[in-house]
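Take a look at the structure below.
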Amino acid sequence: MKILSAEFIGSCARPEQFPDTGLPEVAFIGRSNVGKSSLINSLLQRKGLAKVSRTPGKTRLINFFLAVSDDPGLERFVAVDLPGYGYAKASKELRAGWEPLIGRYLDGSEQLRAVVVLAESRVLSELDQEAIAWLLDGGRSPIVAATKVDKLKMGERVRALRRLRDGLGLAEGDEFIPFSSVTGEGRNRLWTVLKERLRA
C-alpha cells in the first residue's frame, strides 16, 4: 500500500476537541521513547510528520493525522498518536494522568478500528502489561509492535522476543509483530493486519 499524502489534523487536550471525520481510526500507544513517532512516520512514509523527541513524556496531547492511500476500500483513514505513558512512576500515576483523556478517546471513539501497542523488544515493562490488560478489559484486542528489533543481536533475538511476548501475557493467536523503523522490518506485516481491521 502506498501512502499518497499524510497531514496533521490537530492536537487535542480535551475530548470535545476530538475531530469527527467519520473515517476509520488506528491509535498508537506505548511508553515514552519506545519509538512511537518513528513507527508512525515509517508507516505513513513521511519523515517528519510525527515529531520525534528524546524527552520522555514529550507528547501529552492526542495528535491526529489524516492519511490518503492508493488502497481500494481504504483511501482515507486517521492515525492517532496517543501520549506516551512511560513518564508515569506507578500504576496510580498511570491511571491518574493517562486514563482520563486516553480512556475517553478509547471508550468513546466510534471510528476506532485498531490499537497498536508499542513495546520495546529489549524491555519487559509492567506499564506495558497494564496497558494491554486495560485494553483487553475494555474489549480492545491490541496489536503489539515489538520495536527496535534492529538493536537485538541475532543470538538474543528469539529469546528476547519470546520473553516479551510471554511477559505481556499474549496468547498464540494474538498479533505480535517485531518492528524496526530503521530497517523497515515488520512494516508490511503490520500494514496487512491494520488493513484488515481498518476495513472492518
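Could you say whether any residue in segment 183-196 is touching a Lys or Arg at 6+ places or on another chain (Cβ under 8 Å) and on the phi < 0 side of the Ramachandran plot?
In the first step, residues of segment 183-196 are kept if they are touching a Lys or Arg at 6+ places or on another chain (Cβ under 8 Å); the result is none.
So far as segment 183-196 goes, no, none of its residues is touching a Lys or Arg at 6+ places or on another chain (Cβ under 8 Å) and on the phi < 0 side of the Ramachandran plot.
How many residues are without any contact (Cβ under 8 Å) to a residue 60 or more places away in the chain, in contact with a Pro (Cβ under 9 Å, 6 or more places away or on another chain) and either of a type in the set (S, T, N, Q) or part of a helix (DSSP H, G or I) (or both) when one looks only at segment 135-172?
5
Condition (residue is in contact with a helix residue (DSSP H, G or I) (Cβ under 6 Å, 6 or more places away or on another chain) and hydroxyl-bearing (Ser, Thr, Tyr)) applied to segment 119-126: is it met by at least one residue?
Yes, segment 119-126 contains a residue that is in contact with a helix residue (DSSP H, G or I) (Cβ under 6 Å, 6 or more places away or on another chain) and hydroxyl-bearing (Ser, Thr, Tyr).
If I ask for residues that are touching a helix residue (DSSP H, G or I) at 6+ places or on another chain (Cβ under 8 Å), among the basic types (Lys, Arg) and modelled with pLDDT of 90 or more, which ones from segment 31-85 would you list?
Residues satisfying the conditions do not exist here.
Select from segment 86-119 the residues that are outside any helix (DSSP H, G or I), modelled with pLDDT of 85 or more and in contact with a Leu (Cβ under 8 Å, 6 or more places away or on another chain) and list them in ascending order.
Let us first name the residues in segment 86-119 that are outside any helix (DSSP H, G or I), namely 86-90, 109-119.
When the remaining residues are screened for being modelled with pLDDT of 85 or more, the result is 109-119.
Of everything in segment 86-119, those that are outside any helix (DSSP H, G or I), modelled with pLDDT of 85 or more and in contact with a Leu (Cβ under 8 Å, 6 or more places away or on another chain) turn out to be Gln111, Leu112, Arg113, Ala114, Val115, Val116, Val117, Leu118, Ala119.
Search segment 75-85 for residues being part of a loop (DSSP other than H, G, I, E, B) and under 19 Å from the mean Cα position of the chain (by Cα), and hand back the single one that is surrounded by the most Cβ atoms within 10 Å (Cβ to Cβ).
Of everything passing the filter in segment 75-85, Gly84 is surrounded by the most Cβ atoms within 10 Å (Cβ to Cβ).
Counting only residues that are of a type outside the set (A, V, I, L, M, F, W, C) and part of a strand (DSSP E or B), which one in segment 1-29 is farthest from Arg76 (Cα to Cα)?
Let us first name the residues in segment 1-29 that are of a type outside the set (A, V, I, L, M, F, W, C), namely 2, 5, 7, 10-11, 14-17, 19-22, 24-25.
Among the residues that remain, those that are also part of a strand (DSSP E or B) are: 5, 7, 10-11, 25.
Numbers: Ser5: 10, Glu7: 11, Gly10: 16, Ser11: 19, Glu25: 10 Å.
Only one residue tops the list, namely Ser11.
In segment 100-130, how many are within 15 Å of Arg165 (Cβ to Cβ) and buried (at least 20 other Cβ atoms within 10 Å of the Cβ)? Break it down into steps so the answer makes sense when it comes.
Let us first name the residues in segment 100-130 that are within 15 Å of Arg165 (Cβ to Cβ), namely 117-125, 128-129.
From what's left, buried (at least 20 other Cβ atoms within 10 Å of the Cβ): 117-121, 128.
Residues that pass the stated criteria total 6.
With the structure loaded, tell me whether Leu127 is closer than 20 Å to Ser37 by Cα and at pLDDT 95 or above or whether it fails that test.
So Leu127 does not fit the description; no.
The values are calculated or read from the model by the stated rules, or taken from the named source; none is laboratory data. Bear in mind the structure is a predicted one, so any value in this text is a computation, not a measurement. Here the Cβ is made from the backbone with ideal geometry for all residues, glycine too, and neighbour counts use every protein chain on show.
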